[in-house]
Amino acid sequence: MSFIKGTDRGQVSLLPACVDDYVAHDALVRVVDVFVASLDLFELGFSRTIAAATGRPGYHPDDMLRLYIWGYLNQIRSSRHLERACVRDLEALWLLRQLAPDYRTIAAFRHDNPEAIVAASAAFIQFCREVGLISGRLVALDGTKMRAVASSKSIAGADRLARDMAHTEKEIAYYLDRLDIMDEGVAQGFDDQPNHRQAFTNAITSLNRRKDRLTRRQQVLADRDEKVLVFGEPDAKPMGYGHSPKMPSYNMQSVVDVDSGLIIHHDVANEANDSQLLHPMSMATMEVLEVDTLKILADGGYSNAQVAQCERDNVEVAAPIKRGAMSADFFRPTQFAYDELSNTIRCPAGETLKPSGKHTRNRAIRYRTSACMGCPLKSRCTPGDQRTIHRLVDQSALDRMEARIYADPSLMVTRRCTVEHPFGTIKRMSGGGRFLTRGLRAVKAEAALSILAFNILHAVNAFGSERL
Ligand code: SF4
């Protein structure tokens, strides 16, 4: 028995003579090539689409866009790694026709064209829509946190800065004290200790630099009127789930077509909470699909007064109502029946709860009854003197929304199976869900490249590269 042997390195024809033979006829990279060739980069807003009359010729933006899309598809996102891939990866050699731009040129393209890259990602969806791959019959919305280029140490609020400042001043005072003691010793005839003196002086200089930095940060915090800021990446916000540590992150939102599985619209927000994003994401999706009505599935994080706003704009939302945790020992809010005609609530004891005030901020109305004090069911209803039920001003829209889920419980399974797995794929393709660039504009471009790569991959898997 022998082992499988490789080809001799001295063999003359190691690779096929023709560059086009480097990649298979149905390879993904050919889809990238054809897609970019079909785009009007000038119309999409890419810079340098027309060669300058003078100077050294530059690279055409379509080659740079090809390289980035191919890179994101192959988990190669950094400009230095892409530079290396251009000379050692057969697909990259084929795609760029053996061009080898340096990493500064590659990075400058992504830096200079964030909006155009977002437009190129949207162009792929338009293409899919025009050829009938997207139905838009039902869509699902969800968000995920993507880590920003900053560590948790760069998160600082007024309290922490004040604490650090006090600690720094205390350290400076300590070293100044040591220098005074040393001076006193010298005055009394003891030998000077120049090495120690130098070390203390260096420490004071370094602490003063830290103090200046803290003062600058306090000023920035006051100027921006923020409670907490991520220094070095001020567009990012500390985000996390539950009691997990809150890391500097962005909130990536995506709307997925249930029938095709393609991400038809996405955005990157720098607010940790999804609560204000249902209406803007729905409106943007309608614009992409060019429709007047939309059916959208979402999770409990989106169920708030925006549901009524969506209803007014012909968006039918299906999401569970988010209710606060309630002890199992007491009657649940669903056991209280609302009567629209009289605007009252009937409790399990048959008493009538009437409006007794408003929460302006939450746009909620309080309902109470004076019958609680003598109620035989009180021990199962409230630990206090009186049970209060809060009902949103727009609660009827939320109730209608919840009724859709009760009528068809499979909707929530559909939502989960549609919109959650793309995030898994995107995070796997993007280093575990980390952006490489700083600032919301640049991050949006990165997200667009990730989504475009996902959509191309998904479309090829679903419809085949030749058909696509
Ligand atoms: S405690 Fe009040 S709200 Fe609760 S069941 Fe009795 S009367 Fe109704």
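No lab work stands behind these numbers, since they all come straight from the coordinates. From a predicted model like this one, the values you see are computed outputs, not experimental measurements. We place every Cβ from the backbone using ideal geometry, glycine too, and count neighbours over all the protein chains shown.
For segment 133-152, the condition of being touching a residue at least 40 places away in the same chain (Cβ under 8 Å), over 30 Å from T49 (Cβ atoms), surrounded by 14 or more Cβ atoms within 10 Å (Cβ to Cβ) and of a type in the set (S, T, Y) holds for at least one residue.
Among the residues in segment 1-24, are any within 19 Å of D112 (Cα to Cα) and exposed (fewer than 11 other Cβ atoms within 10 Å of the Cβ)? Within segment 1-24 (the criterion being within 19 Å of D112 (Cα to Cα) and exposed (fewer than 11 other Cβ atoms within 10 Å of the Cβ)), the answer is no, since none of the residues qualifies. A319 meets each of the listed conditions (1) more than 16 Å from the ligand (Cβ to nearest atom); (2) among the small types (G, A, S); (3) free of Cβ contacts under 8 Å to residues at least 60 places away in the same chain apart from (3). The set of residues in segment 361-394 being near the ligand (Cβ under 9 Å from one of its atoms) and among the hydrophobic types (A, V, I, L, M, F, W, C) consists of A371, C372, M373, C375, L377, C381, I389. Yes or no: P348 within 16 Å of the ligand (Cβ to nearest atom) and touching a Phe, Trp or Tyr at 6+ places or on another chain (Cβ under 6 Å)? For P348, the condition - within 16 Å of the ligand (Cβ to nearest atom) and touching a Phe, Trp or Tyr at 6+ places or on another chain (Cβ under 6 Å) - is met. Within segment 323-335, does at least one residue satisfy the condition of being in contact (Cβ under 8 Å) with a residue 12 or more places away in the chain and more than 14 Å from the ligand (Cβ to nearest atom)? No, because not a single residue in segment 323-335 is in contact (Cβ under 8 Å) with a residue 12 or more places away in the chain and more than 14 Å from the ligand (Cβ to nearest atom).
Scan segment 213-236 and give yes if some residue there is more than 20 Å from the chain's Cα centre (by Cα), loosely packed, with under 14 Cβ neighbours inside 10 Å, free of Cβ contacts under 8 Å to residues at least 12 places away in the same chain and closer than 30 Å to R416 by Cβ, otherwise no. Checking segment 213-236: not a single residue is more than 20 Å from the chain's Cα centre (by Cα), loosely packed, with under 14 Cβ neighbours inside 10 Å, free of Cβ contacts under 8 Å to residues at least 12 places away in the same chain and closer than 30 Å to R416 by Cβ. Is there a residue in segment 256-278 that is touching an Asp or Glu at 6+ places or on another chain (Cβ under 9 Å) and either among the polar types (S, T, N, Q) or assigned to a helix (DSSP H, G or I) (or both)? Checking segment 256-278: at least one residue is touching an Asp or Glu at 6+ places or on another chain (Cβ under 9 Å) and either among the polar types (S, T, N, Q) or assigned to a helix (DSSP H, G or I) (or both).
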